[in-house]
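Everything below concerns the one structure shown next.
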Amino acid sequence: MKGGFEILTFKQIIMYNVINPAVAKSIMSRMNKEQLNTEIAFFEIELENLNQGSLRKMYLKLRDYAQRRLKSLTNNSGTYEIEF
């Protein structure tokens, strides 16, 4: 499965380098719990290797958004709620 995660990570790197953070948040607002967990894992891996800079700040903010969204889905499993 590691190879599959590496492909997924490559696609995520391309996605986050092409789209702006508002679009990324919009996409994440439609993700389910499993997809959000994958995004959070991606951010954790990337943040370990990134030095201070604007990309790191963006990844931190997007990871925080994904974590809040996941918490919202977990707490309100029957409702659809968006946090920006």
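Values as computed for the structure displayed
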{"read-out": "Yes/no for residue 8 being surrounded by 13 or more Cβ atoms within 10 Å (Cβ to Cβ), modelled with pLDDT of 90 or more and part of a helix (DSSP H, G or I)", "value": "no"}
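Yes/no matrix, rows are residues, columns are (1) more than 12 Å from the chain's Cα centre (by Cα); (2) assigned to a helix (DSSP H, G or I); (3) at pLDDT 85 or above; (4) surrounded by 13 or more Cβ atoms within 10 Å (Cβ to Cβ):
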{"residue": "30", "(1), (2), (3), (4)": "no, no, yes, no"}
{"residue": "35", "(1), (2), (3), (4)": "no, yes, yes, yes"}
{"residue": "48", "(1), (2), (3), (4)": "yes, yes, yes, no"}
{"residue": "71", "(1), (2), (3), (4)": "yes, yes, yes, no"}
{"residue": "77", "(1), (2), (3), (4)": "yes, no, no, no"}
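The values are calculated or read from the model by the stated rules, or taken from the named source; none is laboratory data. Computed from a prediction, not measured in an experiment: that's the story for all the values here. Reconstructed Cβ throughout: ideal geometry from the backbone, glycine too, with neighbour counts over all protein chains shown.
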